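These notes are about the structure you will find just below.
The values are calculated or read from the model by the stated rules, or taken from the named source; none is laboratory data. Please read these numbers as outputs of a predicted model, since none were measured by experiment. Glycine also receives a Cβ, built like all others from the backbone with ideal geometry; neighbour counts cover every protein chain displayed.
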Amino acid sequence: MHKEAIDHLRERDPKLARIIDRIGDCRMEPRTVGSHFDALLRAIVYQQLSGKAAATIHGRVEALYGNRPPTPEEILATDDEKLRAAGLSWQKISYIKDLASKVASGELSTDTLDSMSDDEIIESLVRVKGIGRWSAQMFLMFRLGRPNVLPDLDLGVQKGIQHAYRLPKLPTPKDVLRIGERWAPYASVASWYMWRLLELPDVIRREARARSDARANAKPASDTSAKTSGTRSKRKAGERSRNTSSDTTAASRSVRRKKTVATKTTARSRMGTAKRAFRAAAAKKSTSRKSAATKTGSRRTRR
């Protein structure tokens, strides 16, 4: 089915040629069941969900309409609570309502998408809430079967290129576009091979090693952080200890000062008491002498 594309890619890119030899023929086929509106509705339902969970919710939504894909008018007439009960988030309900509104009003003409260029289709689809450039590119590849789509924002394509070309780090979207220039006009097939490359056992092992190394490299940083934190804790504990010691020393000095003052006060008090006692004794002696002298004078007078 993709023989012409594979022959072209083999000739233009030797590294991709080796990957094609390992993986075999390209088995990418567009999904043609239902209408373009059905495909866009399905794409929104499947966003950020595992395949099984998304399929369950998509089936519940179609069950609201007799187990068939709904029309835009039917989506607009459906109460939000019913769609929520089917498993759609409030955000996705707003997305599919916006899609239905634009298709029903003719703002987005799904009937003319086949005749539009890739860029025109992307420009039209990204006007719908919940549909970005990546979703529009997936619609081009897997709904319309466009052959030259290069999803530069796709992580799988970026990782595939990293492994295919042995790049030291993940390529940026600009790198993807630069490397993918040689794949034109069959970039869709080349992108498919990048996705399949990630499923090869040796690539899976390399990815696992890379994740393990990343965790190991992150550990010393954590240990260093813990050590730094421990050092800070010890420093703070030391500061608290020094502060406590200083407080204790200050308190001891205060107590000693108080004791010294009290001692001096007591000594002064005792000295005051002794002085008063000495003065009282001296006064008493003086009084006794005066009394004795008076008595002696009286005796002499009588004689």
- request: Might you let me know whether the range 14-32 holds any residue that is among the polar types (S, T, N, Q) and under 19 Å from residue 98 (Cα atoms)?
  value: no
Check on residue 119, exposed (fewer than 15 other Cβ atoms within 10 Å of the Cβ) and either at pLDDT 95 or above or of a type outside the set (D, E, K, R) (or both): yes
- line: Contact list, first residue from the range 9-28 and in contact (Cβ under 8 Å) with a residue 60 or more places away in the chain and more than 17 Å from residue 166 (Cβ to Cβ), second anywhere and in a helix (DSSP H, G or I) and among the aromatic types (Phe, Trp, Tyr), beta-carbon distance below 6 Å, six or more apart or interchain, is 26/192; 28/192
task: Tell me, please, whether a residue that is within 30 Å of residue 159 (Cβ to Cβ) and either of a type in the set (Asp, Glu) or free of Cβ contacts under 8 Å to residues at least 12 places away in the same chain (or both) can be found in the range 81-89.
output: yes
- prompt: If you take the residues in the range 122-180 that are in contact with a helix residue (DSSP H, G or I) (Cβ under 7 Å, 6 or more places away or on another chain), among the small types (Gly, Ala, Ser) and closer than 18 Å to residue 37 by Cβ, which one is surrounded by the fewest Cβ atoms within 10 Å (Cβ to Cβ)?
  reply: 130
- line: From the option list 103, 61, single residue qualifying as in contact with a Ser or Thr (Cβ under 8 Å, 6 or more places away or on another chain), under 13 Å from residue 41 (Cα atoms), not in a loop (DSSP other than H, G, I, E, B) and not acidic (Asp, Glu) is 103
- line: Within the range 21-42, the residues that are buried (at least 20 other Cβ atoms within 10 Å of the Cβ) and over 30 Å from residue 61 (Cα atoms) are 26
- prompt: Of all residues in the range 106-145 being small (Gly, Ala, Ser) and touching a residue at least 40 places away in the same chain (Cβ under 8 Å), which is farthest from residue 42 (Cα to Cα)?
  reply: 145
task: Identify all residues within the range 147-187 that are closer than 16 Å to residue 119 by Cβ and part of a loop (DSSP other than H, G, I, E, B); write none if there are none.
output: 147, 148, 149, 150, 151, 152, 153, 184, 185
message: Only one of 167, 200, 177, 155 is hydrophobic (A, V, I, L, M, F, W, C), over 17 Å from residue 15 (Cα atoms) and within 31 Å of the chain's Cα centre (by Cα). Can you tell me which?
response: 155
message: Condition first: buried (at least 18 other Cβ atoms within 10 Å of the Cβ), among the aliphatic types (A, V, I, L, M) and either under 33 Å from the mean Cα position of the chain (by Cα) or not in a helix (DSSP H, G or I) (or both). Now tell me which residues in the range 66-91 satisfy that.
response: 83, 86, 88
message: Condition (residue is loosely packed, with under 13 Cβ neighbours inside 10 Å and either aromatic (Phe, Trp, Tyr) or under 24 Å from residue 114 (Cβ atoms) (or both)) applied to the range 43-65: is it met by at least one residue?
response: no
- line: Log entry, pairs with first residue in the range 60-76 being at positive phi, second being surrounded by fewer than 15 Cβ atoms within 10 Å (Cβ to Cβ) and outside any loop (DSSP other than H, G, I, E, B), beta carbons closer than 9 Å, six or more apart or on different chains, reads 67/59
